[in-house]
Amino acid sequence: MFMALPRKIAAEFIGTFLLVFIGSMAVDTADSLTAVALAHGLTLLAMVYVIGPVSGCHINPAITISLMAIRKIRPGDGIAYIISQILGAIVAGYIHAAIIPYSTTYYGLTLPTDAIGFDEGLAMVVEAVATFALAFTVYIAGVSGKVNSSVSGLAIGLTLSTAILAIGPLTGASLNPARTLGPAVASMNFTAHWVYWLGPIVGALVGMSAARIVSGD
């Protein structure tokens, strides 16, 4: 068990790095919201199948925190996961900055938009609701064991893509504190940063709890 933890930490670092790097780069380079949504969703889909058997493919501090809360991961392992996710996100942010140093999007940073009047409180609620959907799907499709593992990545990845399509124009659609942290550190822009920690964490906690009730766990 002890020897397996370094492999899990490495998997979480790589998975988070790839999700944040590909997702944030798509914000800079893609020509449509659909392309941005697919970049995020397909990356998550792939990571579920690639590193899911190693670490469970959390690659999201909100998911790890919620799984710690329902005792699906030990606190020590969960903290190690979160540190690894944070480091992976920061490395992704800096590499993005090195590739596109004059990014006009703060390296793909998620921010409340004028569509919601730049309202941080409303943005937090929007992020919480969207992350609820993601965490609900993660538990049912990936944790409960009641869905065929061959379709778990598809279900989870599509949930992220559809969430981005729905709320991207409102908040940038993070659903993941690491996804926002990487670009924020690289750009040193922490505007409304609390939104993208509190919203996803609250949403994930409620989503996991609801999933346990629905699944009968």
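The values are calculated or read from the model by the stated rules, or taken from the named source; none is laboratory data. Everything quoted here is computed from the prediction, not taken from an experiment. Don't worry about glycine lacking a Cβ; one is built from the backbone with ideal geometry, like all the others, and counts go over all protein chains shown. These accessible areas exclude ligands, DNA and RNA; they are computed on the full protein's heavy atoms, side chains included. Shrake-Rupley method; radii C 1.70, N 1.55, O 1.52, S 1.80 Å.
The table below gives the values:
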quantity	calculated
Residue under evaluation L154, criteria (1) in a loop (DSSP other than H, G, I, E, B); (2) open to solvent by 20 Å² or more (accessible area, probe 1.4 Å); (3) within 22 Å of G23 (Cβ to Cβ); (4) not acidic (D, E), criterion not met	(1)
Set A178, A133: member being in a helix (DSSP H, G or I), modelled with pLDDT of 95 or more, among the small types (G, A, S) and buried (at least 24 other Cβ atoms within 10 Å of the Cβ)	A178
In segment 64-76, residue most open to solvent (accessible area, probe 1.4 Å) [restricted to those that are part of a helix (DSSP H, G or I) and over 17 Å from I14 (Cβ atoms)]	P75
Cβ pairs under 8 Å, 6+ apart, first in segment 65-81 and under 12 Å from S55 (Cα atoms), second of a type in the set (S, T, N, Q) and crowded, with 19+ Cβ neighbours inside 10 Å	I73/T64; G78/T64; Y81/S55; Y81/T64
Qualifying positions in segment 136-151 - farther than 19 Å from L19 by Cα, open to solvent by less than 30 Å² (accessible area, probe 1.4 Å) and in a helix (DSSP H, G or I)	Y139, A141
Residue satisfying all of: in segment 10-56; acidic (D, E) and farther than 15 Å from I95 by Cα; surrounded by the fewest Cβ atoms within 10 Å (Cβ to Cβ) among these	D31
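Residues are listed down the side, and each one gets a yes or a no for (1) open to solvent by 20 Å² or more (accessible area, probe 1.4 Å); (2) closer than 30 Å to V147 by Cα; (3) in contact (Cβ under 8 Å) with a residue 40 or more places away in the chain; (4) in contact with an Asp or Glu (Cβ under 8 Å, 6 or more places away or on another chain):
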residue: A89; (1), (2), (3), (4): no, yes, yes, no
residue: T110; (1), (2), (3), (4): no, no, yes, no
residue: T113; (1), (2), (3), (4): yes, no, yes, no
residue: I116; (1), (2), (3), (4): yes, no, yes, no
residue: G121; (1), (2), (3), (4): yes, no, no, no
